[in-house]
1. Give me the one-decimal Kirkwood hydrodynamic radius in Å for the protein assembly as shown, with the sum taken over alpha-carbon pairs.
2. With θ set to phi - 60° and the Karplus curve 6.51 cos²θ - 1.76 cosθ + 1.60, what are the ³J(HN,Hα) couplings of region C:263-272 in order, to the nearest whole Hz, using x for Gly and Pro?
3. Taking a temperature of 37 °C and a viscosity of 0.692 mPa s, what whole-number D in µm²/s does Stokes-Einstein yield for region A:199-252 with Rh from Kirkwood over alpha carbon pairs?
4. To the nearest whole number, what is the average tally of beta carbon atoms from other chains within 10 Å of the beta carbons of peptide B:154-164?
5. Which ordering of C:Lys240, A:Lys49, B:Lys215 is given by a fewest-first count of other beta-carbon atoms within 10 Å?
6. Would you mind getting the Kirkwood hydrodynamic radius of region B:110-225 from its Cα pairs, rounded to one decimal in Å?
7. Would you mind giving the mean number of other chain beta-carbons within 10 Å of the Cβ of each residue in C:289-297, as a whole number?
8. For region C:90-284, what is one quarter of the convex hull surface built on the Cα atoms, given in nm²?
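Here, each number is a calculation from the coordinates, and none is a lab measurement. In this text the structure is predicted, and so the values were computed from the model without any measurement. Virtual Cβ from ideal backbone geometry, glycine too; neighbours counted across all protein chains shown.
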Amino acid sequence: MTESPVLSVRDLVVEIPTRHGILRPVDGVSYDIHAGEILGVVGESGAGKSMTGNAVIGLLDPPARIASGAVLLSGQPIHALNGETLRRLRGKRMGMIFQDPLTSLNPLLTIGDQLAETILEHLDVAPSEARRRAIAALEEVGIPAAAQRIGSYPHEFSGGMRQRVVIALALCAEPDLIIADEPTTALDVSVQAQIIALLKRLCRDRGVAVMLVTHDMGVIAEAADRVAVMYAGRLAELGPVREVITQARHPYTAGLMASTPLASQGRMRLRQIPGAMPGLDALPAGCAFSPRCEYAQDRCRQDPGPTLSACGGRAACWFPLVTDTKQEVRA
Amino acid sequence: MAELSTEASPSRLRQAWNSDFIWSFRHSPVAVVSFFIVLLMMLGALFAPLIAPHNPFNPATLNLMNGFTPPGQANQFTGESFLLGTDDQGRDVFSTILYGMRISLFVGLSAVLLAMVLGVTLGLMAGYVGGWTETIIMRIADVQLTFPAILVAMLIFGIAKGITPPEYRNEMAIWVLILAIGLSDWVQFARVVRGATLVEKNKEYVQAARLIGRKRYTIMLRHILPNVLNPVLVIATISLALAIIAEATLSFLGVGAPPTKPSLGTLIRIGQEFMFSGEWWILFFPAMTLLALALSINLLGDWLRDALNPRLR
Amino acid sequence: MLAYIIRRVGQSVLVLLVVGLVAFAMFRFVGDPIDAMLGQERTQADIERLRVVLGLDRPFVVQYWRFLEQAAQGNFGLSYRQGRPVSDILMERLPATLELAFVSGLMALIGGIVLGIFTAIRRRGISANVIMTASLIGVSLPTFLIGIMLIYLFSVELGWLPSFGRGEVTRVGGWTTGFLTESGLKALILPSITLGLYQMTLIMRLVRTEMLEVLRMDYIRFARARGVREKSINFRHALKNTLVPVITITGLQLGSIIAFAIITETVFQWPGVGLLFINAVQFVDIPVMAAYLMLISVMFVGINLIVDMLYFAIDPRLRADRTTGGH
């Protein structure tokens, strides 16, 4: 691809100082997302998925902070901007969708108020125009009779409808990037598919770049163009979603696939990865996955796992399961 | 095995020392200082008869000539000197404070104990048994909560005073005070314990205990009670400060500890009379003691709440 | 909504009936009203006659009903100590207490909410932490000590303000007010600070806690993620949500000001109903105690009712579904 990516993350490190020492929930993560593309970020809870999203949009809770690396929005570095400048970018250039639509909306303000507030904050329009746009935004996400419902309070909507309102809110100032943090986890299965379809449609129609954070491989397989697999704060594997699912190179990805019931692999027996992801304060000396890896060798237990960029390829592993001719493991 | 256990115990001690709870205590200077102030005062109150230079309630040892001796100065008639001075009757202020603290702390601790036992029992019953028991207990709690505890305590005190025959009133005053403050303060405990019980009741382990036929009381005591101890501890600490203040207030208003057994509140009431005539120490030292005691306990409670509930910081 | 109001009013009546029962039981069983009303020289005939006059020979329920009837008309009998109708004494004393409670309540409410918001927003700032520490001292300071300290500083040492009484009062209809004279206003200052300071600290700490709780909510994070200004997040999104729980407890707090006035009135010899009550407790003047209890209850229940109604103005969820009462 020749056009510059909407979002570039380069060697991002997030640190949390604690009394047990400094923890790194995100440790040297790099990826790009292009316009009209959905990047799925998958991993167990605590793998650093959400923390990465929060770091990008500048909403890390202190004492967590970006220690090094860069976040570029359409080529402009935003990781070191001050609070006020960053606030102007949030909502206008990048939006975020949270997990639980029941708690994401202010219960005491009408959805029209919340939409208009966001539009007026970022776009130079009159209040009447803001209201018109708010109705349009609701129609776009599929709220029936939007003009009548604009004066309703959040509790008057069902869960799925509320998540649509949340998406409308995230999109109403027309950002280029959406970070969706587990947008379907709190919803009924039947509604999940609708929300995913909506996200896909908005992404294609508007050319928005989407970072879709989830622990659900099914959602990834359904929605994402490319997928980033995270483990203990690092990227384990990054690649086109079909290839990663069918030909996993990192043993962790392979284990994750084997433990997930995907429709395409319906007849296979599910397997589980032995053990659990280590806590951030108890990472092993070598590759973080080595204690659970059935292919681990001495090198994996001694040398820290390679970062993805150092491997120049798809999987951050000394001994990937599948190697192609271009990818050589360099020492 | 013996070797194992001797090795295990120091490491367990170390583990306790490094546990989050102790760690946050050691790293909070406010908590450490308050803890030692409270400890010091409790010891002082407990051993008052050994520490106090005089027994202020033994008329035989009092000399009226010693009255109004300023702190640290020699009395102009007798030449005796007192650390914190004397009051109008020549009683050593330092000694009266020690004995006053003894009564304040005794009333405070007993009242909180009463409130705690009552509140936890009723809260457990309301939460676990449910139905009519719960409705009645919580309704009473609601009605009582409509009124400030100090007013409830005053009412109970007034009623009890009306019931006890006049010749026993002074003797009974302390116990009536404990009863009044204790009964006015159980609602807090009951509400928190009931809330926690409702949550715990439906957890799998309680259901399992019920399925294998454990008795109701066993389940309440062995399974549910330990889970509500943290909030109860926090409330008890804060209640202690409140109870001590309540006792001081009642005694100050003249509806608490009798003049024959003065608590800190009674001492302040006495001291107030000499505020306008310049004998400031009779008021000042008991007041500061009360403030230091209540403040230390409150600070300790504040720290405790944060330490047991890290979400709040 | 109508059903909700009717239910709340019903609950209030129930509370009043319970309190009435307590007050009646005090009359009936604490001390002997006949002892209290007849002197030493009494005959058995006098006692019997008084028993019939007071209705003490009737069944318990009848007596209770009679008591409620009388109480509803404001008739609580004669004070044991002063020998005058209790209602007269109360009415004389009430304006002093209400004026004091009004001034200190206003002070506590405004000061408490402003400081609470400030300390929540500037959670990590130095001044917020200083205020928080000071407030803990405020909570640990018994009301009567605050009063004594103020008297010592402003009356004894500086001689600026009076240490007791209401100053010069003006009679307006059946009401005596201290608002119209300089000495009356001066006399109000120290007592209202004494009474209001403790409530202010409580309201402040409550507002702060609730506000911090709300600021952790997802919808605040989401508002931040949409680039909403800090000012709007704090005052539009957070404050409104904070007010819902704050109103309940604040309502109760303001009600308790009237009760806490007992302490302040004693310290400043303020001629209100609180001082009357504490004297009644000391002398076991049961009719005055019972009447005071009923008076305070009516006020508390009234305040609670107003607070419940206020919810509707703020929380749309309550306006919408009638089935879930409370909050």
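1. Numbers: mean 1/r = 0.0301 Å⁻¹.
That comes to 33.2 Å for the protein assembly as shown.
2. For region C:263-272, the Karplus-derived couplings read 5, 4, 5, 5, 4, 9, 6, 7, x, x Hz, x marking Gly and Pro.
3. Details: Rh = 12.0 Å.
The diffusion coefficient I find is 273 µm²/s.
4. On the way: counts 8, 9, 0, 2, 13, 10, 1, 6, 10, 4, 0.
Mean partner-chain Cβ count within 10 Å for B:154-164: 6.
5. Values: C:Lys240 16, A:Lys49 28, B:Lys215 11.
Final ranking by Cβ density, sparse to dense: B:Lys215, C:Lys240, A:Lys49.
6. Kirkwood hydrodynamic radius for region B:110-225: 15.6 Å.
7. Mean inter-chain Cβ contacts per residue within 10 Å come to 2.
8. Details: hull surface 53.5 nm².
Result: 13.4 nm².
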